[in-house]
Amino acid sequence: MTSKQKKTLVRIVVASALTVALMILRPENRWLALGLYLIPYLIAGYDILRKAAKGIAHRQPFDECFLMAVATIGAFALGEYTEGAAVMIFYQIGELFQSYAVGKSRRSIAELMDIRPDVARRRLEDGTLKEVDPDEVEIGSEIVVNPGEKIPIDGEVLAGEARLDTAALTGESVPRTVRTGDTVPSGCICLDGVLRIRTTREFGESTASRILELVENASSRKSRSEAFISRFARVYTPAVCIGAAALAILPPVIRLLMGQPADWMDWIYRALTFLVISCPCALVISIPLSFFAGLGVASRHGVLIKGANYLETLAGTDTVVFDKTGTMTRGVFEVAGIHHSAVPDRYTLRVAAHAERHSTHPIAASIRAAYGEALDEAAIGEVRELPGRGVQADVDGKTVLVGSERLMQDRGIACVPCSHAGTVVHVAEEERYLGHILISDQLKPGAAEAVASLRGLGVRRIVMLTGDREESAREIADTLGVDELHSGLLPDGKVTEVERLLKDSRGALAFVGDGINDAPVLSRADVGIAMGGLGSDAAIEAADVVLMDDDPRKLATGIRLARKCMRIVKENIWFSIGVKLLCLALGALGLASMWLAIFADVGVMVLAVLNAVRILLDRGSKKETT
Amino acid sequence: MKKSYKIEVDCANCARKMEEEANATPGVQEAVVNFMLLKMNVTFEEGADAKAVMRAVRDNCKRVEDDCEIYL
């Protein structure tokens, strides 16, 4: 608690004690009672009265302080001393609670996003270390990170090996191992080992700073719900005040005209209860607080949502369109299998790897990677590239052919076509068919699970787009279980396809891509989601939502959290407005005392605030944490 | 031109009122108050003198909410 809050707390305690004492003692004399009750009243509310006076001086009559002042002074005037004092005390309790709760959630969300490094340990030329402000470290400086410390600035490991905890950035709990030559993002915690890092960016441009900036700006982009509440609050308070004035004057006048007793006191009391209910604070505080908490929790799970408005749209997703390569698949080619081998697989792989020794083609690279061992240069003889066909090479003195089906047909070698999707490389040695190597883009672990969880969340339509041929994409589409597949699309074809789907979708359409070459599609969709934000600035720039790591399952996590947050927002809106309207109605009928009015004001606010921060307790569903 | 200012304000409704006042101040194209972060992001109109405009914004905000503060 701040000193200001402590002071308010002391005032509340003293004023409450005095009021309770007076309620027990019940001073007989009216004037004595008034005098005594004024003591706790003033202790609790002197600042409110002062602010109310200033509000009138500035011609800003409709503020809460003014309303509270009028309501409580009115209660005193009617002889309801206890209620006058109690209303003021409860109002202060409400204010104190709000300021405490807001401060607390501000801090706990700041802790969630605790990736801002305090110092950088810079290594000087003579080898000594100096602690400096990360802001002062220039690009290309050498810094040292010890176990347990945060990496302050993006860079490249010069020496050392360590496991990194990236949880604060990606929500991923399994540590990532880095070695010499690897790039490391700032904001990760070095768990063991000492890393010497050459910085590749300035502090302000580093991952940690950029993410923090993004998260901070996110809550400044207001959602439709916030705009609605803002508009509501603008008319609500004046409307209730006018209602109160009408309630105090009209019924008694009408009664007088009808020849009945006016009951001025009763109607004025009802009007005063109106004023107590009129403060819009419960509404106004709980909505941004809910969004703030929702955005904070999502980023803790590695889902960066760039604005409350996007969170709102994400919650309404009913169509998910994703790009195949880099989203559901790794986007790198790997040897998926060696089939129909007449010789051991390893032999086929060795021959192919050696024949492809000098090729820079990614397919060749994946074959060499699958072989894994160092190549025996002495084994390779003459190599001839056959454009569009493959390669002919001498390996171990034997003529080897590696390439497409056409190459085999040209040479009259019978080959077996492959039934799987991917690129097929046939291998022959001395006119003898050795078998073929299947190279395909591998599905990411959890990709099928991701699609299943989306369906579990009630996403109506899941569509996969790809530039690849139908045959190679179909198998993946079937494994994942998507509803539709559109293949062979050029980049602008993807935009057209998304536009067509946009027309069909009832809710929002989310497009998920790797953020590198699908920027136009990302911006065309209702929500553009990019994967693998960690390490890709392009993805962070282009998308509305960024999944920090490469895990497609985070998509469902994001949608689930967005929905939960929106449910809380809606609960708060309707609960607060509902209770207030109900109490207004009861107050007008004379059924609500000022005590109920105080509940409608302070109680509703407390409940709304507690409901808003409920999302901070979200630990994720079991599926997501594995 | 865009600038961000640190603010001090106690209640959410007061923050909303500050935002209204800031938006109504000449020279301000758009002002967004972020109550949770206690920040005011202001986009100034072209050619506006940010310092002078912000002094006016602060005066206007103080008029509606006595307790608030904008750190210029």
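See the values below:
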quantity	calculated
Filter result (among the acidic types (D, E) and either within 12 Å of the chain's Cα centre (by Cα) or under 30 Å from B:M36 (Cβ atoms) (or both)) within the stretch A:280-339	A:E312, A:D318
Meets criteria (touching a Phe, Trp or Tyr at 6+ places or on another chain (Cβ under 9 Å) and either buried (at least 23 other Cβ atoms within 10 Å of the Cβ) or touching a residue at least 40 places away in the same chain (Cβ under 8 Å) (or both)) for A:V297	no
Every residue from the stretch A:393-414 that is among the aliphatic types (A, V, I, L, M) and surrounded by 14 or more Cβ atoms within 10 Å (Cβ to Cβ)	A:A393, A:V395, A:V400, A:L401, A:V402, A:L407, A:M408, A:I413
Among (1) modelled with pLDDT of 90 or more; (2) part of a loop (DSSP other than H, G, I, E, B); (3) of a type in the set (K, R), the one test that A:R198 misses	(2)
All positions within the stretch A:180-212 that are within 25 Å of the chain's Cα centre (by Cα) and more than 21 Å from A:V546 (Cβ to Cβ)	A:C190
Top-ranked residue in the stretch B:47-64 [being more than 13 Å from chain A (Cβ to nearest Cβ) and either touching a Gly at 6+ places or on another chain (Cβ under 6 Å) or in contact (Cβ under 8 Å) with a residue 24 or more places away in the chain (or both); ranked as surrounded by the most Cβ atoms within 10 Å (Cβ to Cβ)]	B:V57
Some residue of the stretch A:62-78 being touching a Lys or Arg at 6+ places or on another chain (Cβ under 7 Å), within 12 Å of chain B (Cβ to nearest Cβ) and of a type outside the set (K, R)	yes
So A:I285, is it in a helix (DSSP H, G or I), buried (at least 20 other Cβ atoms within 10 Å of the Cβ), within 14 Å of chain B (Cβ to nearest Cβ) and at pLDDT 85 or above	no
Selection status of B:F44, within 9 Å of chain A (Cβ to nearest Cβ), in contact with a helix residue (DSSP H, G or I) (Cβ under 9 Å, 6 or more places away or on another chain), touching a residue at least 24 places away in the same chain (Cβ under 8 Å) and hydrophobic (A, V, I, L, M, F, W, C)	no
Inter-residue pairs, beta-carbon under 6 Å, first facing another protein chain (nearest Cβ under 8 Å) and in the stretch A:218-237, second among the β-branched types (V, I, T), 6+ apart	A:S220/B:V32; A:A233/A:V284
Residue ranges of helices (runs of 4 or more DSSP H) in the stretch A:434-549 with at least 2 members closer than 30 Å to A:T183 by Cβ	A:447-456, A:491-504, A:519-524, A:537-542
Evaluation of B:D67 against (1) away from chain A (no Cβ under 12 Å); (2) surrounded by fewer than 16 Cβ atoms within 10 Å (Cβ to Cβ); (3) farther than 22 Å from A:I229 by Cα (one fails), failing number	(1)
In the stretch A:358-392, the residues that are surrounded by 15 or more Cβ atoms within 10 Å (Cβ to Cβ) and basic (K, R)	A:R368, A:R389
Residues located in the stretch B:1-41, provided they are of a type in the set (A, V, I, L, M), within 13 Å of chain A (Cβ to nearest Cβ) and surrounded by fewer than 18 Cβ atoms within 10 Å (Cβ to Cβ)	B:A24, B:L38
Extreme residue, surrounded by the fewest Cβ atoms within 10 Å (Cβ to Cβ), among residues of the stretch A:23-55 that are aliphatic (A, V, I, L, M) and more than 21 Å from A:A69 (Cβ to Cβ)	A:I24
Residue satisfying condition, being over 48 Å from the mean Cα position of the chain (by Cα) and either assigned by TED's automatic domain parsing to the domain that holds A:L438 or under 28 Å from A:I476 (Cβ atoms) (or both), within set A:A421, A:A393	A:A393
Test result for A:A352, surrounded by fewer than 23 Cβ atoms within 10 Å (Cβ to Cβ), modelled with pLDDT of 85 or more and part of a helix (DSSP H, G or I)	no
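This table checks each residue for (1) in a helix (DSSP H, G or I); (2) basic (K, R); (3) closer than 26 Å to A:F66 by Cβ; (4) more than 10 Å from chain B (Cβ to nearest Cβ).
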position	(1), (2), (3), (4)
A:V215	yes, no, no, no
A:A239	yes, no, yes, yes
A:P261	no, no, no, yes
A:F292	yes, no, no, no
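The values are calculated or read from the model by the stated rules, or taken from the named source; none is laboratory data. Being a predicted model, the structure only gives us computed values, none of them experimental. Positions of Cβ are backbone-derived with ideal geometry, glycine not excepted, and every protein chain shown enters the neighbour counts.
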